[in-house]
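What follows draws every value from the coordinates through simple rules; no lab data is involved. This structure is a prediction, so every number in the text was calculated from the model and none was measured. Methodologically, a virtual Cβ is constructed for each residue, glycine included, from the backbone with ideal geometry; neighbour enumeration extends over all protein chains shown.
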Amino acid sequence: MSEKANMAVKLEPELRDRLQALGVSKKRSAHWLMCEAIKRYVESEEEVERAKSEALERLTRFEATGEYVAHEDVDAWLKSWGSKRERPAPKRSRTWPT
């Protein structure tokens, strides 16, 4: 059995009642609903943090090299998707003017 840690959550009475009613209608315990909600929230926030980190890495790379892919190159590539003349993904080849 996996190890679990106890944590306390204080809820307003109205929210507690709503949670219990939802548990009844879903045939789940209020505890299960809280664990599921927390798990989903943490996963969502972790994804936000991963995306933010990736964006910062890209910005750092751009600032160091000046290389980028122009919007019009990406747009032309996307418009070619599914056609007989589908283009390969554009490469980072442009350098930002200084």
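R0 = 35 Å: FRET efficiency of Thr60 with Lys26, Cβ-based, nearest 0.05?
Computed FRET efficiency for Thr60 and Lys26: 0.20.
Calculate, in nm to one decimal, what Lys52 and Ser2 gain on full extension: separation in residues at 0.36 nm each, minus their alpha carbon distance.
14.8 nm
Looking at segment 1-59, which GluC sites (Glu not before Pro) are in a loop (DSSP not H, G, I, E or B) and have at most 15 other Cβ atoms within 10 Å?
Glu3
Is the C-alpha gyration tensor of segment 11-65 telling us rounded, prolate or oblate? Criteria: a/c under 1.5 is rounded; beyond that, a/b larger than b/c is prolate, otherwise oblate.
Since a/c reaches 1.5 and a/b is larger than b/c, the shape of segment 11-65 is classed as prolate.
One quarter of the convex hull surface, Cα atoms only: what value does that give for the chain in nm²? Each step should come with its number before you reach the end.
Numbers: hull surface 54.3 nm².
Projected area, direction-averaged: 13.6 nm².
Give the residue list of trypsin sites (Lys or Arg not before Pro) in the chain that are DSSP loop and have at most 14 other beta-carbon atoms within 10 angstrom.
Values: sites: Lys4, Lys10, Arg16, Arg18, Lys26, Lys27, Arg28, Lys39, Arg40, Arg50, Lys52, Arg58, Arg61, Lys79, Lys84, Arg85, Lys91, Arg92, Arg94; in loops: Lys4, Lys10, Lys27, Arg28, Lys84, Arg85, Lys91, Arg92.
Those that pass, being in a loop and sparsely packed, are Lys4, Lys10, Lys27, Arg28, Lys84, Arg85, Lys91, Arg92.
For the chain, what's the relative contact order in percent, using C-alpha pairs closer than 8 Å and at least 6 residues apart? Walk me through the numbers before you get to the answer.
Numbers: 41 pairs, mean separation 18.4, N = 98.
The normalised contact order for the chain reaches 19 percent.
Which whole-Hz couplings ³J(HN,Hα) result when phi for each residue of segment 31-37 is put into the Karplus expression 6.51 cos²θ - 1.76 cosθ + 1.60, θ = phi - 60°, listed in order with x for Gly and Pro?
Coupling constants for segment 31-37: 4, 4, 4, 5, 4, 5, 5 Hz.
Return the loop-located chymotrypsin sites (Phe, Trp or Tyr not before Pro) in segment 19-98 (DSSP other than H, G, I, E, B) with at most 16 other Cβ atoms within 10 Å of their own Cβ; answer none if there are none.
Working: sites: Trp32, Tyr41, Phe62, Tyr68, Trp77, Trp81; in loops: Trp81.
Passing sites in segment 19-98 are Trp81.
Given the pairs Lys4/Lys39; Lys4/Lys27; Lys4/Lys52, which are separated by over 25 angstrom at their Cα positions? Let's see the in-between values first.
Values: Lys4/Lys39 14 Å; Lys4/Lys27 23 Å; Lys4/Lys52 30 Å.
Beyond 25 Å: Lys4/Lys52.
Just the number, please: Stokes-Einstein D of segment 50-95 in µm²/s, Kirkwood Rh from C-alpha pairs, 37 °C, 0.692 mPa s.
On the way: Rh = 12.0 Å.
Rounded to a whole number, D works out at 274 µm²/s.
Can you give the local net charge around Val42? Use residues other than it whose beta-carbon is closer than 14 angstrom to its beta-carbon, Lys and Arg +1, Asp and Glu -1.
Neighbourhood net charge equals -3.
Calculate for the chain the 222 nm mean residue ellipticity that helices alone would give, adding -39,500 (n - 2.57) per DSSP H run of length 4 or more and normalising by residue count, nearest 500 deg cm²/dmol.
Values: 3 runs with 60 residues, N = 98.
Only helices count here, giving -21000 deg cm²/dmol.
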